[in-house]
Every structure is written in structure tokens, then in C-alpha cells.
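Engineer: Can you keep this structure in mind? I'll have questions shortly.
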Amino acid sequence: MKAVETAIALLLTAGLVLIIEQATWSGGGASLLCTLTIWSSIAQGALALVAACELTRARWIQYVRTDLLRFTPMLLLTALLFPALGPSLSIYPWSQAPTFWLSPDFFILRNCALSLLCWLAARTFALHSNRRSAQTGFFAVVYLFAFILCQSFIAFDWVMSLDYPWRSTLFGLYFAIEALLAAIALSALLLAISRRSPTTEPSTLEARRDLATLLFGFSILWAGLFFSQFLVIWYGNLPEERGFLFIRGWTAPYQGWALLFLAGIFLLPFGVFLSRRAKEISGVVSAVAAVVLGAFALERWIFIAPQVAVSVPALLLESLLFAALSLYLVTADRAPAASP
Amino acid sequence: MSRIERFRSKEEFLDALRSNLDEDRESVIDILMPYPLPEAQQLMNPEPSQLKVFAFTGALCGFAFGLFLTIYSVLSWPLIIGGKPLISIPPFLIIAYTLTILFGALASFFGFLWLSRLPRIPALFAAEQWEEDGRFAIVLKADEP
């Protein structure tokens with residue numbers, strides 16, 4: 001019965017997203033691409049964080065493990081929605097002169113197959129993790145491989161090919177780290193809304209401190225990767241490379257937004273979590289986590305919007321639908337074993 | 001005047017230390033251990049360590065020195081490279097970042113020595129004899145006669 005309810009929720013979300021995409025003001029696929037880029041990274045990152053914590057035997061994850069595993073069905077939703085981009089592939093510059101790799105049919109086929117593979121790996125891992133089976137570690141490794149592969153394809157295929165022929169070999173790793181950062185921020189929010197009792201409160205405090213420290217560390221790692229990419233392009237100053245940065249970093253209106261996401265993902269967590277006390281206050285950790293998630297979404301929009309016209313109302317509506325689905329998946333009292 | 005209480009086991013030592021500190025914090029002058037016990041150190045000094053002040057100050061100084069060093073160098077030896085401005089902050093950040101870590105680490109190390117009142121040369125020789133004994137001890141203020 002719970003599986004049926006989840007399936008209905010997924011179909012309802014998919015249907016509503018497709019209705020929005022049919023509207024004339026939706027921007028012809030660009031907003032769907034942006035939504036999928038944001039939410040597939042969050043969902044995949046959530047599962048990857050649990051997998052990494054299973055392998056490292058992190059104790060803090062016990063408070064949010066079940067909630068994060070409940071994002072598994074969202075991976076199926078993103079896989080099912082991806083073919084809807086098919087009629088809108090003209091947003092990609094390579095669609096005018098397709099090659100073997102960058103051809104519309106192969107593009108849709110490989111990305112759908114990979115997303116389904118990632119969902120299958122995630123589902124198997126979630127089943128074993130919930131049963132506390134001895135093979136959880138093995139399936140965690142399998143899922144992490146699928147995660148890295150999928151994030152690389154999201155980075156290279158979905159986003160980087162919008163700026164074809166611009167290329168960066170760092171983009172895949174950058175997306176994977178960013179997905180993990182978003183998942184850590186999501187965990188901090190989930191920890192804040194999780195049920196707590198006076199007996200578990202002291203350990204929740206430790207978990208919150210650990211999460212804040214992880215957020216601090218990953219924001220520095222993110223900044224390191226961002227700077228590595230920025231410095232090489234800035235120093236080389238090659239015409240075919242600098243366009244990507246120039247449009248986003250030195251041209252209105254993206255310049256202001258770019259500074260905002262830089263502040264949201266790096267400066268704010270870095271500045272706030274230097275203080276040990278700030279890491280212990282639930283409100284502060286949750287607020288910083290929310291800003292990091294918002295800045296992450298903003299960055300994804302900045303990656304896509306300069307190349308194709310993204311309808312902001314459509315993007316916001318679709319993101320709201322995904323957020324509502326996330327809330328449903330997390331609050332519905334069921335195990336991922338029953339997921340479709 | 002002082003007196004010394006000796007213990008063979010770690011548990012007895014920690015229990016005695018806890019009760020002595022609960023009774024009168026000032027009565028415990030020092031503790032002597034054949035090997036470091038973090039629990040005992042935490043009991044003796046529950047206040048958060050001031051080491052972070054050294055690390056933060058060192059890191060800030062390192063960052064400032066890194067920027068100063070790079071800017072001073074290019075101004076002393078002005079060479080335009082790749083058409084970039086003489087004072088180009090992005091590449092300077094690498095030197096500043098590296099020196100932030102170096103100065104932060106060195107300040108933490110020396111701060112640790114300072115806060116631990118190290119090195120204590122006489123204690124090095126005393127410890128040698130103490131290890132042979134292999135017991136824990138609490139040095140307490142002796143009662144007034």
C-alpha cells in the first residue's frame with residue numbers, strides 16, 4: 001500500500017512538472033533541465049553521503065540515515081522525467097551539427113540508462129542498509145561508483161555541453177563534491193526537523209557539531225576546486241575557455257548572482273563555523289545549511305541560464321513540487337524497501 | 001607542603017582524581033602519569049583550550065605576510081607576464097594560502113609548547129625514574145599541621 005502511495009506521489013509530481021513544461025511561458029525544456037540538475041544531485045548526493053558514512057562507520061549519520069535513504073524514489077523520478085527533454089534538445093548548440101557522442105538519441109538513451117542504473121544501485125544499497133545486512137559495504141561501494149559516474153555525466157553531458165565546445169576536465173569531480181555538500185546541508189536541515197527526546201538530545205548535539213564541521217570542511221574543499229578551475233582559465237586567458245567565466249563572472253546580471261552563490265557556499269559557512277559555539281546552535285546550523293542549499297541551486301541556474309532562457313517561475317514551481325515530494329518522502333513513515 | 005597519593009590502576013587513579021577535584025579543586029597541585037590519559041587532562045582543565053587563538057592569529061598573520069611578500073616582490077621586480085596587471089590577486093592567493101597554513105601550524109605548535117609550559121628539562125629526567133615505577137600519582141596540598 002505504501003509503495004502504491006509513493007508511486008502515486010511520483011506520478012503526480014511527474015505529471016504536474018510535465019504540465020508546467022507544456023505551458024508556453026516555461027522556456028521549452030530549459031527549466032526542466034535546471035530542475036533535474038539541481039534535484040538529481042541532491043537526491044544522489046543524499047544516498048552517496050549515507051554510503052560514504054556506512055563505509056567510514058560515521059556515528060552521526062544514524063539520526064538522518066533513514067530520512068536520507070527515503071530519497072531513493074526521487075532518483076527514479078529524475079530518470080523518468082529525463083526523456084521529456086527529448087523534444088527540447090535544440091537548446092544544445094551541438095544539436096545543429098550532431099556527432100556520434102553528442103547526438104540527440106544517444107544523449108537521451110545513455111543518460112536515461114545511467115539514471116536508471118543509479119536508481120537501481122541506490123535501491124539495492126538502501127534495502128541492504130535498512131536491513132543492516134553484511135553486504136551493505138559492498139553495495140555502498142557499488143552505489144558510490146554509480147554516483148560518481150552519474151554526476152560526471154550530469155556535469156559533462158547535461159551542463160557542460162550547453163557551452164560546447166568549452167570544456168573542463170574538473171567539472172565532473174566538482175559536481176560530485178557539490179552534490180555531497182548539498183547532501184550535508186540537507187542532513188543538517190533533516191536533523192533539525194527530526195524527532196528528538198531528552199535522552200537523545202546530547203548525542204544530537206554531537207551530531208550537529210559533526211555535521212557543521214563537515215559542512216565547513218566541504219565548503220573549503222568546494223572553494224579549492226572552484227579556485228583551481230578559475231585560476232587556470234583566468235591565467236590561460238584563452239578565447240575558447242574564458243567565455244564561460246566572462247559571461248558568468250563579469251557580465252550583468254550574472255556577476256551579482258555569482259558573488260552571491262560564492263558567499264553562500266563558501267564565505268558564510270567558513271565564517272560562521274569558525275566558531276565552535278555556532279556549530280552547536282540548531283538555528284544557526286539550519287540557517288547556514290538552508291543558505292548553502294539555496295546558493296547551490298542558484299549556482300546551477302547560473303551554469304545554465306546564460307546559454308538558454310530559463311523561465312524562473314517554471315523553475316521555482318518545479319522546484320517547489322520536488323521540495324513537496326521530498327517532504328512527503330521524508331515524513332511518510334515507511335521503509336525504502338517498499339519504494340517502487 | 002605537599003603529599004603524594006599513588007595508584008596502580010588507571011581506574012582507581014581517575015576515581016580519586018575526580019573525588020579530589022570535586023571536594024576542592026585547589027587541593028590538586030599536579031598529576032603524574034606513566035603515559036598520557038586524556039580523561040585526566042580533561043578533568044584537570046575542563047576549560048576550552050586557548051590553542052585556537054594561536055592558530056587563528058598565526059593563520060591571519062600568514063595570510064597577510066603572503067600577500068605582502070608577493071606584492072612587495074612584484075613591485076621590487078616589475079615584470080608584466082601574460083598581459084596581467086602587476087598586482088594580480090588570484091595567483092597571489094596561492095602563496096597567501098600556503099603561508100596561512102604554515103604560519104597557522106607553526107603558531108599552533110609554539111602555542112602548544114607555551115600553554116603546556118614546555119620544554120621542562122628537569123621533568124625529562126624525573127620522568128625516566130617515574131616510568132620505572134609505572135604508577136599514577138596525585139600531588140595534593142598537605143593539610144596544615
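What follows is calculated from the coordinates using simple rules that are stated; it is not laboratory data. Note that the coordinates shown come from a computational prediction; the quantities given were computed from them, not determined experimentally. Glycine also receives a Cβ, built like all others from the backbone with ideal geometry; neighbour counts cover every protein chain displayed.
Engineer: What is the order of B:Phe110, B:Phe65, A:Phe261, fewest Cβ neighbours within 10 Å to most? Mind dumping the intermediate values first?
Structural biologist: Numbers: B:Phe110 12, B:Phe65 16, A:Phe261 21.
Fewest-to-most ranking of B:Phe110, B:Phe65, A:Phe261: B:Phe110, B:Phe65, A:Phe261.
Engineer: Moving on. Could you work out the percent of alpha carbon pairs in the range A:2-335 separated by over 27 Å, rounded to a whole number? Before the final figure, lay out the partial values.
Structural biologist: Numbers: 24314 of 55611 pairs.
Roughly 44 percent, once rounded to a whole number.
Engineer: Order A:275-283, A:178-186 from most to least packed using the mean count of other Cβ atoms within 10 Å.
Structural biologist: On the way: A:275-283: 13.8, A:178-186: 26.3.
Ranked from most to least packed, the peptides come out as A:178-186, A:275-283.
Engineer: Where the only charges are on Cβ atoms (+1 Lys, Arg; -1 Asp, Glu), what is the dipole of the range A:1-80 about its Cα centre, to the nearest 20 debye? Write down the numbers at each step before the final one.
Structural biologist: On the way: 5 positive and 4 negative charges, 68 e Å.
It comes to approximately 320 debye.
Engineer: Treating only the Cβ of Lys, Arg, Asp and Glu as charged (+1, +1, -1, -1), what charge dipole size does the range B:8-74 show about its Cα centre? Round to the nearest 20 debye.
Structural biologist: On the way: 5 positive and 10 negative charges, 108 e Å.
About 520 debye.
Engineer: Determine the gain in length on full extension of the stretch A:Leu327-A:Ala7; use 0.36 nm per residue of separation and subtract their C-alpha separation, reporting nm with one decimal. Don't skip to the end; give the middle numbers.
Structural biologist: On the way: separation 320, 0.36 × 320 = 115.20 nm, distance 1.50 nm.
So the extension gain works out to 113.7 nm.
Engineer: A further question follows. Where in the range A:4-106 are there trypsin sites (Lys or Arg not before Pro) that are in a DSSP coil and have at most 13 other Cβ atoms within 10 angstrom of their Cβ?
Structural biologist: Details: sites: A:Arg57, A:Arg59, A:Arg65, A:Arg70; in loops: A:Arg57, A:Arg59, A:Arg70.
Counting only loop positions with at most 13 other Cβ atoms within 10 Å, the trypsin sites (Lys or Arg not before Pro) in the range A:4-106 are A:Arg57, A:Arg59.
Engineer: Let me ask you something else. With r as the distance between the Cβ atoms of B:Glu12 and A:Gln135 and R0 = 56 Å, compute the FRET efficiency 1/(1 + (r/R0)^6) and round to 0.05. Please report the intermediate quantities before stating the final value.
Structural biologist: Values: r = 45 Å, r/R0 = 0.80.
E(calc), rounded to 0.05, equals 0.80.
Engineer: Hey, another quick one. At 222 nm, what helix-only mean residue ellipticity would chain A give, in deg cm²/dmol to the nearest 500, using -39500 (n - 2.57) for each DSSP H run of four or more? Mind showing how you got there, number by number?
Structural biologist: On the way: 13 runs with 236 residues, N = 340.
Calculated at 222 nm, the ellipticity per residue is -23500 deg cm²/dmol.
Engineer: Find out how many positive minus negative residues lie around B:Ile138, taking Lys and Arg as positive, Asp and Glu as negative, among other residues whose Cβ is under 10 Å from that of B:Ile138.
Structural biologist: Around B:Ile138, the surrounding residues sum to 0.
Engineer: Assign unit charges at the C-beta atoms only (+1 for Lys and Arg, -1 for Asp and Glu), then state the dipole size of the protein assembly as shown relative to its Cα centre in Debye, rounded to the nearest 20. Intermediate results must be reported in sequence, preceding the final value.
Structural biologist: Working: 33 positive and 34 negative charges, 161 e Å.
That gives a dipole near 780 debye.
Engineer: In addition: Count charges around A:Leu293 for me, please; just the other residues with Cβ under 14 Å from its Cβ, Lys/Arg as +1, Asp/Glu as -1. Could the numbers behind the result be given before it?
Structural biologist: Numbers: positive: A:Arg300; negative: A:Glu178, A:Glu299.
Residues close to A:Leu293 contribute a combined charge of -1.
Engineer: Okay, moving on. First measure r as the distance between the Cβ atoms of A:Phe246 and A:Glu206, then evaluate 1/(1 + (r/R0)^6) with R0 = 51 Å and state the FRET efficiency to the nearest 0.05.
Structural biologist: For A:Phe246 and A:Glu206, the calculated efficiency is 0.65.
Engineer: Right, here's the next one. Expressed in nm to one decimal, what extension gain is obtained for the pair A:Leu120 and A:Leu316 from 0.36 nm per residue of sequence separation less their Cα-Cα distance? Each step should come with its number before you reach the end.
Structural biologist: On the way: separation 196, 0.36 × 196 = 70.56 nm, distance 2.85 nm.
Between A:Leu120 and A:Leu316, full extension yields an extra 67.7 nm.
Engineer: A follow-up question, please. So, counting K/R as plus one and D/E as minus one, what does the shell of residues with Cβ under 10 Å around A:Ala58 add up to? Intermediate results must be reported in sequence, preceding the final value.
Structural biologist: Numbers: positive: A:Arg57, A:Arg59, A:Arg65; negative: A:Glu54, A:Asp210.
For residues surrounding A:Ala58, the net value is +1.
Engineer: Fewest to most neighbouring Cβ within 10 Å: what's the order for A:Ile193, A:Ile42, B:Ile121? Please list the in-between numbers first.
Structural biologist: On the way: A:Ile193 13, A:Ile42 22, B:Ile121 8.
Ordered from fewest to most neighbouring Cβ atoms within 10 Å, A:Ile193, A:Ile42, B:Ile121 come out as B:Ile121, A:Ile193, A:Ile42.
Engineer: Moving on to the next point. Given chain B, what whole percent of its Cα pairs are spread farther than 18 Å?
Structural biologist: Details: 7320 of 10440 pairs.
Distances greater than 18 Å cover 70 percent of the Cα pairs.
Engineer: Which of A:Gly249, A:Leu55, A:Leu12 sits farthest toward the positive end of the charge dipole of the range A:2-335, with +1 on the Cβ of Lys and Arg and -1 on the Cβ of Asp and Glu?
Structural biologist: A:Leu55
Engineer: Sort B:Glu26, B:Glu12 by Cβ crowding within 10 Å, fewest neighbours at the top.
Structural biologist: Taking fewest neighbouring Cβ atoms as first place, the list is B:Glu26, B:Glu12.
Engineer: Once label points are set 7 Å from the Cα along Cα→Cβ at both B:Ser88 and B:Leu69, what is their separation, rounded to one decimal in nm?
Structural biologist: 2.0
Engineer: Quote the Stokes-Einstein diffusion coefficient, in whole µm² s⁻¹, for the range A:52-174, based on the Kirkwood radius over alpha carbon pairs, a temperature of 10 °C and a viscosity of 1.306 mPa s.
Structural biologist: Working: Rh = 16.0 Å.
In µm²/s, the coefficient rounds to 99.
Engineer: Cut-off 10 angstrom, C-alpha nodes, Gaussian network model of chain A. Which of A:Thr169, A:Thr37, A:Thr78 fluctuates the most?
Structural biologist: A:Thr169
Engineer: Based on DSSP H runs of at least 4 residues, each adding -39500 (n - 2.57), what is the mean residue ellipticity at 222 nm of chain B after dividing by all its residues, to the nearest 500 deg cm²/dmol?
Structural biologist: Details: 5 runs with 87 residues, N = 145.
Theoretical 222 nm ellipticity from helices: -20000 deg cm²/dmol.
Engineer: Still on this structure: Among A:Ser133, A:Phe230, B:Ile87, which residue has its Cα furthest toward the positive end of the charge dipole of the protein assembly as shown, with +1 on Lys/Arg Cβ and -1 on Asp/Glu Cβ?
Structural biologist: A:Phe230
Engineer: Specify, per residue and in Å³, the volume enclosed by the convex hull of the alpha carbon atoms belonging to the range A:155-314. The partial results should precede the final answer.
Structural biologist: Values: hull volume 19.1 nm³, N = 160.
Spread over its residues, the Cα hull of the range A:155-314 gives 120 Å³ apiece.
Engineer: Hey, if you put +1 on the Cβ of every Lys and Arg and -1 on every Asp and Glu Cβ in chain B, which of B:Gly134, B:Ala16, B:Pro36 ends up farthest toward the positive end of that dipole?
Structural biologist: Towards the positive end, the residue furthest out is B:Pro36.
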